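Asks: There's a structure below that I have some questions on.
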Amino acid sequence: MAKIKIDQERCKACGLCIIYCPRNLITTVKKINKRGVKPAQFKKGAAAQCSGCTLCAIICPDNAIEVYK
Ligand code: SF4
Ligand code: SF4
């Protein structure tokens, strides 16, 4: 069990973390951020399934994700 924190103002909504998460635990929010996009967010209740593999954080080009194990 692990969790991630996404800096939603830093996120540019490229979608890479959503594509690469092997457990499909990341989605987008409806609210637009300062960059004018709908940023990524950790799905509700996803901490129980997150392995803490850090793939999402490694793949993020804007360094917007932190993983907590
Ligand atoms: S740490 Fe791994 S399992 Fe958890 S959200 Fe990121 S990519 Fe998915
Ligand atoms: S990889 Fe980073 S910039 Fe791209 S959607 Fe995910 S958090 Fe946002």
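Asks: Viscosity 1.567 mPa s, temperature 4 °C: Stokes-Einstein D of the chain from its Kirkwood Cα radius, in µm² per second?
Replies: 110
Asks: Among the Cys residues of the chain, which have no other cysteine Cβ under 4.7 angstrom away?
Replies: Isolated Cys, the chain: Cys11, Cys14, Cys21, Cys50, Cys53, Cys60.
Asks: Around Cys21, with a cut-off of 13 angstrom between Cβ atoms, what is the net charge of the other residues, counting Lys and Arg +1 and Asp and Glu -1?
Replies: +3
Each reported figure results from applying straightforward, stated rules to the coordinates on display, with no laboratory input. Model, not experiment: these values are computed from the prediction. Cβ coordinates were reconstructed from backbone atoms using ideal geometry, including for glycine residues, and neighbour counts include every protein chain displayed.
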